[in-house]
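S.K.: Next up is a structure, given as structure tokens.
The values are calculated or read from the model by the stated rules, or taken from the named source; none is laboratory data. Please read these numbers as outputs of a predicted model, since none were measured by experiment. So basically every Cβ, Gly included, is an ideal-geometry build from the backbone, and we count neighbours across all protein chains shown.
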Amino acid sequence: MQQFLQKLKTQPMMSGTSTGQAFWHSSAVEGDDSLLKSYSPVDGQLLAEVYPTTAEDYDKVVQIAQAAFLKWRSVPAPKRGEIIRQMGEQFRLYKKDLGTLVSYEMGKSLQEGLGEVQEIIDICDFAVGQSRQLYGLTMHSERADHRMYEQWHPLGVVGIISAFNFPVAVWSWNAMLAWVCGNVCIWKPSEKTPLTALACQQIIKDVLERNDVPEGVSCLITGGREAGSWLTEDPRIALVSATGSTRMGKAVAQTVAGRLGRYLLELGGNNAIIVSQYADLNVAIPAIVFGAVGTAGQRCTSTRRLIIHESIYEDVKNRLVKAYGQLRIGNPLDEKNHVGPLIDPSAVAAYQSALFQIKEQGGRLLIDGEMLEGPGFESGCYVRPAIAEMPAQTEIVQHETFAPILYLLKYRSLDEAIALQNGVPQGLSSAVFTLNLREAEQFLSAAGSDCGIANVNIGTSGAEIGGAFGGEKETGGGRESGSDAWKAYMRRQTNTINYGTSLPLAQGIKFEI
Ligand code: UN1
């Protein structure tokens, strides 16, 4: 990885122009204290200082992106797909380097860092196939000698605002599909993980250059909330795809809707697993533990609530406490460890505040969380995953705390369990563990889970890229990644063609002149 970081460092950052085809941009000067600092939560090291994009630079980026769009939209979609195929090859080549950097900059386990790069590779493969399947329907016209069909055209400039927890995969879901659809992209990564974003641009740069892709098809701007608002306020940005908190998503939605632009939101989750008396606990327990402590509870899909049938409640509880006792917390680059750090000290403070509120709201901590100190934990970002028994879905349970806290609740009937599962403002992912067909089908029916993702005998996290990813209610309603999510990056056009010698009007209207 050292070599890889070195390569990133030597990449020139020019002012007022681009760095080759992959465009990342800045005009900040040496010694500028507005530099974005990327600290690793693994060991507290300052990894890099990144120039933030200025408002002037942003404007130039958009102009270059707009010019690129005029060319890129006319490249045949399968040819665009071929370029994405080559990007997939590049990510295969750099999987270990990028996965390690993701793990080091963000703090997730190395396995999960590698898994994240695998998601990029998978969506590249998916997008290649998609490039030959941007299908529209044909319709039978009610008029003689007429043909009707629909086609899908690109939107233009797509803004992608991504979050720290999946610093590269979520960008790739958006960018790869947006590109095969003929759009150009401006990516604003989280200010907490700028280095992995720069790495992605560097990785695809060769492919863009080799294929003479117009400069500006892949743009990157760096900065905090202000840089995000440039995208949301700008009528030149046809679609803003944003991943992050519900609070951020509401602001994005209001601003973009105010200019009647399009938005695609992937916001908070508060994901529950129902553990039925018919569950195979040998399958359920590892799924629960991975869902709750994987990525230190910082996935949108992390398991936060466990709704357990009263007859097996004690058994499940005891097994979980035992499993948590075996968790190894520490440097995520050491493959022996299961749980790495939280992203930064403010995330630790939010976790500590949640633990306090749990006690205040009548909860009982079965495994008391705490911030870990001592050798190996110097960054101040490591915490012990906690389990809390709750008397009800109190205020803190309704809230998405981005940390490894698992709430236990008891139920008697499946109806009651489903009501609890649905009884929160968020609607991303959900699961039931049961071997009972009736229960499984009820959970998946219209009267079952209200989430965008509903699984049976699989946990809430770790979705494959082939399905549409996203959720309902405060999760924002957007769908990314697989299935027909590509449609969000295109505009539909209905075409009616008259190949006859007369002009019949629709609805049989007579109009003689
Ligand atoms: C996210 O947390 O924003 O399903 C994305 C999962 C991953 C993606 C999570 N494939 O857990």
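S.K.: Among the candidates Tyr278, Tyr324, Tyr313, which residue alone is part of a loop (DSSP other than H, G, I, E, B) and hydroxyl-bearing (Ser, Thr, Tyr)?
M.R.: On the way: Tyr324 fails: part of a loop (DSSP other than H, G, I, E, B); Tyr313 fails: part of a loop (DSSP other than H, G, I, E, B).
Only one candidate qualifies: Tyr278.
S.K.: Residue by residue through the range 233-282, note down the ones that are over 30 Å from Arg412 (Cβ atoms), more than 15 Å from the chain's Cα centre (by Cα) and within 16 Å of the ligand (Cβ to nearest atom). Steps first, please.
M.R.: Initially, the range 233-282 is screened for residues over 30 Å from Arg412 (Cβ atoms), giving 233-267.
Now narrow it down to the ones that are more than 15 Å from the chain's Cα centre (by Cα): 233-239, 247, 250-262.
Across the range 233-282, the qualifying residues are Arg247, Val252.
S.K.: Could you list, in sequence order, the residues of the range 283-300 that are away from the ligand (no atom under 15 Å from the Cβ) and of a type outside the set (A, V, I, L, M)?
M.R.: Pass one, the range 283-300, residues away from the ligand (no atom under 15 Å from the Cβ): 283-286.
Residue satisfying the conditions is Pro286 alone.
S.K.: Scanning the range 301-322 for residues that are within 14 Å of Ala388 (Cα to Cα) and hydroxyl-bearing (Ser, Thr, Tyr), which turns out farthest from the ligand (Cβ to nearest atom)? Full working, then the answer.
M.R.: First, the residues of the range 301-322 that are within 14 Å of Ala388 (Cα to Cα): 303-308, 313-314, 316-318, 320-321.
Applying the additional criterion that residues be hydroxyl-bearing (Ser, Thr, Tyr) yields 303, 313.
Numbers: Thr303: 10, Tyr313: 27 Å.
Selected residue: Tyr313.
S.K.: Every residue in the range 336-367 that is part of a loop (DSSP other than H, G, I, E, B) and surrounded by fewer than 13 Cβ atoms within 10 Å (Cβ to Cβ), please. Give the steps one after another, and end with the answer.
M.R.: Initial filter on the range 336-367 (part of a loop (DSSP other than H, G, I, E, B)): 336-338, 340-344, 361-363.
Answer for the range 336-367, where residues must be part of a loop (DSSP other than H, G, I, E, B) and surrounded by fewer than 13 Cβ atoms within 10 Å (Cβ to Cβ): Lys336, Gly362.
S.K.: Among (1) part of a helix (DSSP H, G or I); (2) more than 24 Å from the chain's Cα centre (by Cα); (3) surrounded by 15 or more Cβ atoms within 10 Å (Cβ to Cβ), there is one condition Asn318 misses while meeting the rest; what is its number?
M.R.: Failing condition for Asn318: (3).
S.K.: Ok, one more. Out of Glu119, Glu82, which single residue is part of a helix (DSSP H, G or I), of a type in the set (D, E, K, R) and within 18 Å of the chain's Cα centre (by Cα)?
M.R.: Values: Glu82 fails: within 18 Å of the chain's Cα centre (by Cα).
Among Glu119, Glu82, only Glu119 is part of a helix (DSSP H, G or I), of a type in the set (D, E, K, R) and within 18 Å of the chain's Cα centre (by Cα).
Let's see how each residue does on (1) outside any loop (DSSP other than H, G, I, E, B); (2) in contact (Cβ under 8 Å) with a residue 40 or more places away in the chain:
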| site | (1), (2) |
| --- | --- |
| Asp415 | yes, no |
| Phe443 | yes, yes |
| Ala446 | no, no |
| Cys451 | no, yes |
| Ile458 | no, yes |
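S.K.: Further question: Go through (1) crowded, with 20+ Cβ neighbours inside 10 Å; (2) in contact with a Phe, Trp or Tyr (Cβ under 7 Å, 6 or more places away or on another chain) for Met139 and report which single condition fails.
M.R.: The single condition Met139 does not satisfy is (1).
S.K.: Applying the selection to the range 464-489, what residues are within 11 Å of the ligand (Cβ to nearest atom) and either among the charged types (D, E, K, R) or surrounded by 23 or more Cβ atoms within 10 Å (Cβ to Cβ) (or both)?
M.R.: Glu464, Ile465, Phe469, Gly470, Gly471, Thr475, Glu480, Ser481
S.K.: Just one of the numbered conditions (1) modelled with pLDDT under 95; (2) within 19 Å of Leu208 (Cα to Cα); (3) not in a strand (DSSP E or B) is not true of Phe23; which one?
M.R.: Condition (3) is where Phe23 drops out.
S.K.: Pick from Val170, Val158: which is of a type in the set (Val, Ile, Thr), away from the ligand (no atom under 16 Å from the Cβ) and either over 30 Å from Ala506 (Cα atoms) or in a loop (DSSP other than H, G, I, E, B) (or both)? Lay out the reasoning, then the answer.
M.R.: Values: Val170 fails: away from the ligand (no atom under 16 Å from the Cβ).
Answer to the selection: Val158.
S.K.: Touching a Leu at 6+ places or on another chain (Cβ under 8 Å), away from the ligand (no atom under 16 Å from the Cβ) and farther than 25 Å from Thr401 by Cα: which single residue out of Trp179, Trp152, Trp230 fits that description?
M.R.: Just one listed residue meets the conditions, Trp152.
S.K.: Continuing with the same structure: Give the residue that is nearest to Val252 (Cα to Cα), with candidates limited to residues of the range 450-463 that are β-branched (Val, Ile, Thr) and within 11 Å of the ligand (Cβ to nearest atom).
M.R.: Residues of the range 450-463 that are β-branched (Val, Ile, Thr), as a first pass: 453, 456, 458, 460.
Cutting the leftovers down to within 11 Å of the ligand (Cβ to nearest atom) gives us 453, 458, 460.
Working: Ile453: 23, Ile458: 32, Thr460: 26 Å.
The qualifying residue nearest to Val252 (Cα to Cα) is Ile453.
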